[in-house]
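Take a look at the structure set out below.
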C-alpha cells in the first residue's frame, strides 16, 4: 500500500540484498504464492488491492468485495432483503480515507461508503433532479488528496469532487470549446504529486489539474516527438520517491520529470529481453524499497533495474508452480509487513513475500535443459575452481556454475565406456592433485576435466581395478596423499595416490573381523573425516565412531547404542577446534577426542529433529545443520538455535547426508529430496515488522454476536472497545487474529483476561480463548501476537467486557430491600410500642394491688438475699476449684506451684501467642500443651505433635514441611508436612532443643512470616498455626554452646511456662498415686487400693528424677506384681537417689508432722470420710486426730 512506509535503513539493506547482489539466484528467482477460489477467494479476477489502517487486506473481485486477514476471506456481496449490504457483485476500486472509512467505486451502482462500526454500505447515486448529485453511476477510480478531499474518476462522465459535509459533488468534464478543461471524460487514473497537483489520466491524454484555479493542462502523444507522452491512453500514474511521474499507457511506459520538463519512454523491443514484455500496461507500482514494478495486460510483470535502465521479466510458467500465476496482471500493492500482492485476471491473487524467500531453490524444471537433471540430491561438492558438483539418485552427475547459474548433466551411456559408470552418485571429491573422483553405486570414477570423460574402477573386474565392493559413500585424503574410500558394505579402502593410477591403483582394504576387536567396527560406512591433526575418523551406519590408528593399522571404537552414538551421519571440526558428530538418533554431539565424552544437543534444546545430516560453519562461527525437518542455525557460545522451514524457501524439510557444500564466497548449499538450496548466511534477513492484532469475533455459547437491535454488540468487533453482557451470558469465546502476512500460519499468540487470569496464557497458534461461568464484574481481554520471525506486536488487542449482575445482586435492589426491611421494622416497632403502652396501664393497676403484698414479703426477701449472696460466694470458690482440678483433663495437682502454672495456661490459652514449656523429663509438658490447646480458641482444630528428638536428622525437614514426589531418593509420593496438617490449629514441637541448626532457620521463617516450601516444590505455602514448644534443655546454655539460634529462642520464648519437678510438689504424690492405681487397676482387672504408710514414705522421700512419668511406671509395675489389694513395691527405686533423699530427711516426728500437713492440705483439711486424710493415710480418723494434737497440727485460719 502506498501509504505504508518502511524504515529507510531497512529499505536500504533489503534493496542491497535484492538488487545490488546480482550474483545470487535469490535476486530474481522470486517465489510467487498463489491464492484463488480454492483458497476461499470468491472470484479469480482481482482488480484492486489495499491495506487498511487495522491491517486487513481488501480486494475487489468480480464476485464481491473481500477482506483478508491472512487466514480467511470474508466476502461482501449483495444479500437478498438486506438494503444495507453491498449493492454490486462487481466493485472496481476501493480506498480508505484519513477517517478510516472505505469508499468503493462500481460499474453501475455509483459510489459506495462502508461503515466499519455497523458493517453496512451506503450508496451515492445520480439524481436527475439534483445537479449536485453524482453525475453517473460508473466510478472507475478514487483518490483522496492531502487535504482529505475525495476525487472520483468516472466511466465517461469526467472527474468528480465529493464534499463530505454536504454530501454533494462538483463536476469536472471535457469541454470541446475549452482547452483548459479535462481532455476526455473517460478517467482511468488520478494521482496527487508532492506539490499538491492532481494528475488525471484519461483515454485521450494526461491532465495536470490545479485545484486553486480549477484548470487543466493537457499532455498527449505528439507523433514523432520523443519528448512527449508515449501514448495518450493513460491507465496508471504514480510519483516516485524522486518526484518523477511514471505513466502506464496502452502503448508503453512514459517517465516525466516535472523539474526538467522532459519525457523518457520505454516500449517492448522484440529482440531485447531487457525491454518491457508488452506495451499495453495495466499498472505501475513503487514498493518500499523504491523498486518500480510495471504490470502488462498479456505478458506478465516487469521489474525496473535503474542501474541497467532495463527490465527484469517475470512470466507465468505452467511447469513451475513458483512463477506468477498469470501473465495478465491487473493491480499491485504492498502491505505493512513488506509483502507484495499482485492481482491477476482469471488466476486470482499472487503473494510475493521477499522475506520468506530466504533461500534460492534449484530443482528440475521439466522441459528446461538448464536445470537439475533430478531432484533427489545424494551429494554436493564445491571444487577449488568454485564449481558445484551435484550427485543425484538416478539422474547422474550435474555441474553447476554459480556465476552463470548454468547446469551441465553427465549420465551413463552404455555404449560409451568413457561416460560415468552409473547414474546414482554416492560421493564426489577433489584430491590434492585436482583430480575429481566420483563414487557411484557400482564403481569409482575419475573425471578428466579436459576431455569430460570418466575412468572406471569396477568391483566385478578381476584385475587390479577391482577395488570397490558396495556403494561409495565417502572419500577423504590424508596428509600422506592416501585416498580413503568409505563404502556401504565393503568396508574401508585406502588408495595410494602416489602410484600410477592411470592404469592401476595400489589399495588396502579394511574390513570388520569378528575375531579382532581392533578391526573396523562395521563394514557399512556413512562418512569419513580427516581432522586438523591428520587423524582419520570413520562414521559407520550402526557401529558408532571409529578412529584410525596408523601405527598399528587398527581402530579405536566409540560406540554407545543406548545414548545414540551408533548411527553416525556427519563429522565436522569447526574453526575453534571443536569436534562435532552428527548422529541419526541423538542430535548434535560435541565430542572430546581425548576423553571420548560428549555434550549432546537435541530436540529438547530446540533442534527440529534428532538426525543431523550435515554440518557447515559460517564466518560468524554459527553451525548450519541440515536435518529431516528443515535447516537450523546453531550458535554454541550462546546456545541459540534458529530453525528454518519450507515456508521460508527450503527445497523440502528432508535433507540428505553428504549433501552440503560451502562456496569460496561464504555461500552455502544444502540438498535434499526436492533439489538444493543456495544462500549466503550473512545476507539472510528476518522480517522486522511486528504484526498488528485485532479482536476478530466474540461468541456466546459458540454463537457469534452480530450487530442488531437486541445484540450486546453495538459496533463491529474489529472496532468495538467494550461489550456489556448479561449475567447469564458468561460463557464466552473471544477470537483474535495477528495481521502479518509473512508466513501468517506461523504466528503464535498469548492472551490474558484481566481480573481473571493472573498471568498471560500461551496459546501457540490457536486464535481463540474460551471462558466459562464468569462472575459478574468488569474484565479486560488482551491478546498479543508474535510473528514467525519472533517480532512481537507493539500494542496488544483489547476489549472491555462487563458482565452485569442479576437484579438481585445490584446495589439499587439491595438498597430497596434494605428500605423495605427498615420500614417493616419501624412498623413492627410502632405496633410493639402501642401494645406495650396498653400493657403498661394494666401493669400499673396490678402494681398498686400488689404493693402491699410486696411489702410483706420484703423481710423474707432480705433473708433470701443474704442466703443468695452466700451461695454466690461459695459458687465462685467451687467454680475456681473445679477449673483448676478438672478443666485440664489428666492434670492432677493441688500444689500452689502447679496451680500457678495452670493459671499461666489459662492466661495464654485464649491467645495465639507462641508458648515455650520448660521442664524436666516426665513433668507433663505434653499434657500441659494439650491443655493449652483444648481450652484455646483453636480447640476445634487438631493438635499436631512432633518429637524433634525421635526423628532422624535427614527426615525432620520432610516431616515438618512435607515433600513432593521425587524430591529425594525414596520420595515415591507427595507428603503433607506437620505444619500443613496443623493449619488453623496448634503444633506441639516437643524436645525443640534437639532440632538441627539447619532447620532452625526454616522454623524461624515459619514463626516470622508464616510461610515455607515443601521439599522439591518452589511454591511458597502460607500457614496459620499456633506453635507450642517444649524442652528439657537449658536453651541459654545451648545458645552459648552454639547449638541453638538465639533469634529462634527469642521467637519461641514469647510466653515461657516452667513446670516444677515432682520433687518440688510432693503434696501431689498421694493424689497421683491414687489416680494411677485407679487407672491401672482398670487395665489389669485388679483392686489394689491400700498403700501402707511405709510405702507412701518411700514414695514421698524418693526424689523422682523421672518425675510423674517415673512415678506412673512404678505404680503400673506395682499393680501388676501385687497379688492382694495392698500395693507392694519391689526394690525398684534407685538406691543412689534414695540415699541422696535420706541425707535431707528431717527427724521422724517432724517429717511425720510435715507429711500429715501435706495430706491435710491435699484433702482441704478434711479428716474423715472417703476423701479425708485418714483414708489417704490408711489410719483410723480418731488416731489421726490424736496425732494432730500430739504434733501440734492446727488448721490455718
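The values are calculated or read from the model by the stated rules, or taken from the named source; none is laboratory data. Model, not experiment: these values are computed from the prediction. Positions of Cβ are generated from backbone atoms using ideal geometry, with glycine treated the same way; all protein chains shown enter the neighbour counts.
Miscellaneous remarks
Listed here are the residues, each with its yes/no results for (1) surrounded by fewer than 20 Cβ atoms within 10 Å (Cβ to Cβ); (2) in contact with a strand residue (DSSP E or B) (Cβ under 6 Å, 6 or more places away or on another chain).
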| site | (1), (2) |
| --- | --- |
| 577 | yes, no |
| 580 | no, yes |
| 609 | no, no |
| 619 | yes, no |
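- Any strands (runs of 3 or more DSSP E) falling wholly within region 603-646 and containing at least 1 residues that are more than 24 Å from the chain's Cα centre (by Cα) and under 14 Å from residue 578 (Cβ atoms): 614-617, 623-626
- Under the condition of being in contact with a strand residue (DSSP E or B) (Cβ under 7 Å, 6 or more places away or on another chain) and over 12 Å from residue 285 (Cβ atoms), the residues counted in region 312-346 number 14.
- Of the residues making up region 1056-1073, those that are in contact (Cβ under 8 Å) with a residue 60 or more places away in the chain, outside any loop (DSSP other than H, G, I, E, B) and crowded, with 17+ Cβ neighbours inside 10 Å are 1057, 1062, 1066, 1067, 1068, 1070, 1071, 1072.
- Residue in region 1034-1053 that is within 30 Å of residue 1000 (Cβ to Cβ), buried (at least 16 other Cβ atoms within 10 Å of the Cβ) and touching a strand residue (DSSP E or B) at 6+ places or on another chain (Cβ under 7 Å) present: yes
- Any strands (runs of 3 or more DSSP E) falling wholly within region 35-126 and containing at least 3 residues that are more than 36 Å from the chain's Cα centre (by Cα) and closer than 23 Å to residue 297 by Cβ: 46-51, 91-96
- Being assigned by TED's automatic domain parsing to the domain that holds residue 285, over 54 Å from the mean Cα position of the chain (by Cα) and not in a loop (DSSP other than H, G, I, E, B) is a description that does not apply to residue 162.
- Test: residue in region 360-378 that is assigned to a strand (DSSP E or B) and without any contact (Cβ under 8 Å) to a residue 40 or more places away in the chain: no
- Flag if residue 129 is under 25 Å from residue 715 (Cα atoms), surrounded by fewer than 20 Cβ atoms within 10 Å (Cβ to Cβ) and not assigned by TED's automatic domain parsing to the domain that holds residue 719: no
- Selection status of residue 307, surrounded by fewer than 19 Cβ atoms within 10 Å (Cβ to Cβ) and either touching a residue at least 40 places away in the same chain (Cβ under 8 Å) or in the same structural domain as residue 370 (by TED's automatic domain parsing) (or both): yes
- 2 or more residues crowded, with 21+ Cβ neighbours inside 10 Å, on the phi < 0 side of the Ramachandran plot and modelled with pLDDT of 95 or more: qualifying strands (runs of 3 or more DSSP E) within region 379-427: 388-392, 397-401
- Region 68-100, residues that are surrounded by fewer than 19 Cβ atoms within 10 Å (Cβ to Cβ), closer than 23 Å to residue 334 by Cα and in contact with a strand residue (DSSP E or B) (Cβ under 6 Å, 6 or more places away or on another chain): 74, 75, 97
Condition check ((1) surrounded by 15 or more Cβ atoms within 10 Å (Cβ to Cβ); (2) under 24 Å from residue 960 (Cβ atoms); (3) touching a strand residue (DSSP E or B) at 6+ places or on another chain (Cβ under 8 Å)) across all residues:
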{"site": "896", "(1), (2), (3)": "no, no, no"}
{"site": "902", "(1), (2), (3)": "yes, no, no"}
{"site": "908", "(1), (2), (3)": "yes, yes, yes"}
{"site": "916", "(1), (2), (3)": "yes, yes, yes"}
{"site": "921", "(1), (2), (3)": "no, yes, no"}
{"site": "925", "(1), (2), (3)": "yes, yes, yes"}
{"site": "928", "(1), (2), (3)": "yes, yes, yes"}
{"site": "931", "(1), (2), (3)": "yes, yes, no"}
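- Within region 1163-1197, the set of residues being under 18 Å from residue 1095 (Cα atoms), assigned to a helix (DSSP H, G or I) and touching a residue at least 40 places away in the same chain (Cβ under 8 Å) comprises 1176, 1177.
- Check on residue 22, part of a loop (DSSP other than H, G, I, E, B), buried (at least 17 other Cβ atoms within 10 Å of the Cβ) and modelled with pLDDT under 95: no
- Residue in region 340-354 that is crowded, with 19+ Cβ neighbours inside 10 Å, assigned to a loop (DSSP other than H, G, I, E, B), in contact with a helix residue (DSSP H, G or I) (Cβ under 9 Å, 6 or more places away or on another chain) and outside the structural domain of residue 428 (by TED's automatic domain parsing) present: yes
- Set side by side, the residues 538, 542, 569 differ, and just one is in contact (Cβ under 8 Å) with a residue 60 or more places away in the chain, assigned by TED's automatic domain parsing to the domain that holds residue 391 and either buried (at least 20 other Cβ atoms within 10 Å of the Cβ) or assigned to a loop (DSSP other than H, G, I, E, B) (or both), which is 569.
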